[in-house]
Each structure stands twice: as structure tokens, then as C-alpha cells.
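The values are calculated or read from the model by the stated rules, or taken from the named source; none is laboratory data. Everything quoted here is computed from the prediction, not taken from an experiment. Heads up, the Cβs are rebuilt from the backbone with ideal geometry, glycines too, and the neighbour counts pull from every protein chain shown. Protein only, heavy atoms only, side chains kept; ligands, DNA and RNA dropped before computing areas. Shrake-Rupley method; radii C 1.70, N 1.55, O 1.52, S 1.80 Å.
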Amino acid sequence: MSATSLKVRERLQDLVLSTEQALEIKNKLNHEIERGLGKDTHATSSVKCFITYVQDLPNSKERGKFLALDLGGTNFRVLLITLAEGAHFHMDSKIYAVPKDIMTGPGTGLFDHIADCLADFMKEYDVYKEKLPLGFTFSFPCVQEGLTKARLSTWTKGFNCEGVENNDVVKLLKEAIARRGDVQIDVMAVLNDTTGTLMSCAYKKHNCRVGLIVGTGSNACYVEKLENVQLWDGPTEGVPDQVIINTEWGAFGDNDVLENIRTEYDRTIDRESINPGKQLFEKMISGMYMGELVRLVLVKLIREGLIFGGKSSDMIQEKGRFYTKYVSEIESDKQGEYHSCLQVLEELGLGGVATETDMADVRTVCELVSRRAAHLTSAGVACLLDRMGEKDVTVAVDGSVYRFHPHFHHLMMDKISELIDPSIKFDLMLSEDGSGRGAALVAAVACRDR
């Protein structure tokens, strides 16, 4: 390793999470979850632990046709799922864009757009005249007040539509459909993408108890015993003694408990975000910020003359210009090969000044940022596995970072194993289309249990 690379590694030690720090994060998260579930502490907990009201998991006996809506990022999907004998299913889906002006415009504009997309889809797939059960995945922090009632707590992921916060999103959806007056649906459930991820996986793996998202945002849900949920206001007789809890762990650290591991880059990301002081754990993990974290580190190294001989470019100085997909591409190169790295640096106007040592250093920065994200996520999952205490658990995972980063899965498997009770067996399973299929399955289970 060159002297420059050694200096780069030394300079970036604050991005390395020790095992002791990971264990401390695991314990702090458990404390915040306890506070989130507690009657007297819920209001002041950073990890809200919202009740989803989903108590039953799929048993592969669900049958029929179900619609699903999936809103959780810059794309929005409508799905039609047919469940048949022998756990067979057929799925049709269509992706619709959510334009920038709609993401930050009035709430009625957003829900009218959703209703228009739903009607378009129902016409295309010839279910326009049918009244079908629907599951609505709405992947933003919500206070759930029942299986079909959820109030948006706060917008995240670049959305900021007026008139939606503190309102019931199912009511807003129904009103938009009523304004059209041409399609009929029966909303059976509103859920978060983490719940959908868990449900989708549980259809095949009946020991699935955790749903995890590592994509544009990051969140997790898990199955909790009713006796630990002090805010439970549903029935207690004749129902399962469990409920899925949507942790909303993206906000972990919003009460300063992670200050000892946050870096200057994390503080810059937060300061320049649309929600300063909020979602601090998520900002250290998710795909929305990973590329920008790498860019901030590179800009600092350039300024200190530790990389590219101190030479810069307009593009590397531009906020948001180092895309998160670049991290996965650069780390996909074999060790000692820099084909993707050079391509990325050429796109950023740095191809002409980059030496092989520079490219190795760029890869190191990507590895440090993505490894830290994987280790933080692992500390969270380890906390949930230890909390539940079940001896064999499948963790359902979805999201672009987990799906496309070449090493994220293995980094997590290794780190979780290091952090949990050694008697617990676990597996991480890529959830096939949790937010879509999962929503339909929540609707299907609700129909099954009627």
C-alpha cells in the first residue's frame, strides 16, 4: 500500500465502526424500542415502534384476486396479484413515475395522480368493472390507528406534499378515487414497505419474523409479543398474542444517542437535507445519502491534497453528483482492477488525473462508507433477533442497496453472527417484491380472516 493510501485510511478512521461500538448501538436501539413501546415514553422516543395491526401471517392458503398500490419513493406501482392453490400466484404490475412537482406539491395532487394511475392500470388489465380488495403500501412514517387507518407523521425521502401530515392517507386515497367516480376498490389494509417485505417472505418461509428495507430509506419491522406493546388498543381475546411493529428506526439517533459515531460528513449531509435533525440513522445507511457521503469524503481528500494530486472538477464539487449506484459499480470490480472506477471518474471529469493509487483510494472510500452502512444495519437486526429470542428466524430484506451492492449481504451475515446470541440461527432472504406482493398478501390475509 502506498504512503498516500495509508494517509487516506488514517484520515478516515472515523468511518470505521468497531465491534464494541456496534454492540453499544444494538443496546441503545433496544432501549429506544422499549421506550417506543412504552405508554409513558412513546411520545419522547426517537424510535416510535408504531403498531401495524397486522397480527396474522400468511399460511399459503390465501386465494383470489387482489390489488396493491405501492408508494415509497420516486416510482409508484400498481399490481394485480392472483393467489391460487398450492401457494401459486400470478402477478401483473406497472410502474408510474411520481414527478418532482407532485412530490412537493399539494397532497390532493399526489393522491389524484395515484387514483389516475390505478384507473389506468385497471383498464389495461381488464378489472375496471370489478370491486377488488386492495392493500396500500405507504412507506412513510405513519401512526396507524387500525388496519385501514394511518396518519402520516412526517414526510421523508424527498416528499413534502402539503395537507397530508397528520391526515389519514386511506381517507385521502378514497377521496381521490371518489373524485374520479369511475373505479371501485375495497381497501383492506394500509401498511409500510417493511411490513409488506415481511409478509411477502412469510408466504414462503413461515419462520419469517423480521422485515428490513435498505434502499432509498431504511427501516425495519418485527413480530412483538402483545404483552410488550403497552399502547395496544385492539382486542386481546381470540386473536394471536403478537403484532408486527413498524420500528421506524430511520429516526434512531434523533435524540443525540448516536453523536459519538456521527462524522463531519454525516453532519453536512444532515445540515443540507430537507429534514435537518431527523432520520439520522437512515442518513448513515440508505441509498439516498450513500453516494453523497462518498462525494463529501472525496472532496475533503482533494482539498487536503491526498487524492488526485489535489486536482478537482466541477462535477465532483456538485452536490448529489456522485450517485449511490457508483458505489456498487466501483466495488464490483475485482481487487486490483479499476474498470468501473475509471468509468465513473471519467463521468466526473477526473479520468485524466486519476492514478491507479487514486482509484484504489476511491474504492477504499466506497468500501468504508458501504461497510459502515452494513454494520449499522446489522447492529439493528441483531437487536431485533435478540429481542424476539426465537431460535430460527428468517429476515426478509428488500431495497436497492441490499439488492445491488455486491457485498452488502455477506457483510451483514458476518456482522450479525458476531453480534447476536450464538444459539440463534438466522438467514437473510431477499424478499421478492415485498412492498407490492406484500400489500396484496396483507389484504388477502385480512379477507381470509373475515
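In summary, Asp101 fulfils each of the numbered conditions (1) in contact (Cβ under 8 Å) with a residue 12 or more places away in the chain; (2) farther than 20 Å from Gly215 by Cα with the single exception of condition (1). Taken over the stretch 337-370, the criterion of being outside any helix (DSSP H, G or I), small (Gly, Ala, Ser) and open to solvent by less than 50 Å² (accessible area, probe 1.4 Å) is satisfied by Gly349, Gly351, Ala354. Across the stretch 57-78, a minimum of one residue is classified as open to solvent by less than 40 Å² (accessible area, probe 1.4 Å), hydroxyl-bearing (Ser, Thr, Tyr), assigned to a loop (DSSP other than H, G, I, E, B) and over 17 Å from Leu172 (Cβ atoms).
Could you tell me which residue of the stretch 79-96 is least open to solvent (accessible area, probe 1.4 Å), considering only residues that are assigned to a strand (DSSP E or B) and among the charged types (D, E, K, R)? Looking at residues that are assigned to a strand (DSSP E or B) and among the charged types (D, E, K, R), I get Asp92.
What residue, of Leu173, Leu198, is surrounded by 22 or more Cβ atoms within 10 Å (Cβ to Cβ), modelled with pLDDT of 95 or more, touching a Lys or Arg at 6+ places or on another chain (Cβ under 9 Å) and not acidic (Asp, Glu)? Step by step, each of Leu173, Leu198 is checked, and only Leu198 is surrounded by 22 or more Cβ atoms within 10 Å (Cβ to Cβ), modelled with pLDDT of 95 or more, touching a Lys or Arg at 6+ places or on another chain (Cβ under 9 Å) and not acidic (Asp, Glu). Would you mind finding the one in Cys366, Cys383, Cys341 that is out of contact with any strand residue (DSSP E or B) (no Cβ under 6 Å at 6 or more places or on another chain), under 21 Å from Ile33 (Cβ atoms) and not small (Gly, Ala, Ser)? Exactly one of Cys366, Cys383, Cys341 is out of contact with any strand residue (DSSP E or B) (no Cβ under 6 Å at 6 or more places or on another chain), under 21 Å from Ile33 (Cβ atoms) and not small (Gly, Ala, Ser), namely Cys383. Candidates in the stretch 33-47 are the residues that are of a type outside the set (A, V, I, L, M, F, W, C) and more than 16 Å from Arg387 (Cβ to Cβ); of these, the one that is surrounded by the fewest Cβ atoms within 10 Å (Cβ to Cβ) is Asp40. Anything in the stretch 261-290 that is among the β-branched types (Val, Ile, Thr), modelled with pLDDT of 95 or more and either open to solvent by 20 Å² or more (accessible area, probe 1.4 Å) or touching a Gly at 6+ places or on another chain (Cβ under 7 Å) (or both)? List them, or say none. Passing the criteria: only Thr268. For the stretch 301-311, filtered to residues that are in contact (Cβ under 8 Å) with a residue 24 or more places away in the chain and surrounded by fewer than 17 Cβ atoms within 10 Å (Cβ to Cβ), the residue that is farthest from Ala354 (Cα to Cα) is Glu304. Looking at the stretch 415-450, which of its residues are free of Cβ contacts under 8 Å to residues at least 12 places away in the same chain and under 16 Å from Leu376 (Cα atoms)? Scanning the stretch 415-450 gives a single hit, Ser417. With respect to the stated conditions, Leu441 is among the hydrophobic types (A, V, I, L, M, F, W, C), open to solvent by less than 10 Å² (accessible area, probe 1.4 Å) and modelled with pLDDT of 90 or more.
Of the conditions (1) polar (S, T, N, Q); (2) part of a loop (DSSP other than H, G, I, E, B); (3) modelled with pLDDT of 90 or more; (4) open to solvent by 40 Å² or more (accessible area, probe 1.4 Å), Asn27 fails just one. Which one is it? Condition not satisfied by Asn27: (2).
Every residue, every condition in (1) of a type in the set (Phe, Trp, Tyr); (2) crowded, with 16+ Cβ neighbours inside 10 Å; (3) over 18 Å from Asp392 (Cβ atoms), yes or no:
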site	(1), (2), (3)
His206	no, no, no
Asn219	no, yes, yes
Lys225	no, no, no
Leu231	no, no, yes
Pro235	no, no, yes
Pro240	no, no, yes
Ile245	no, yes, yes
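From the list Asp14, Asp56, the one residue that fits, being over 24 Å from Arg209 (Cβ atoms) and not β-branched (Val, Ile, Thr), is Asp14.
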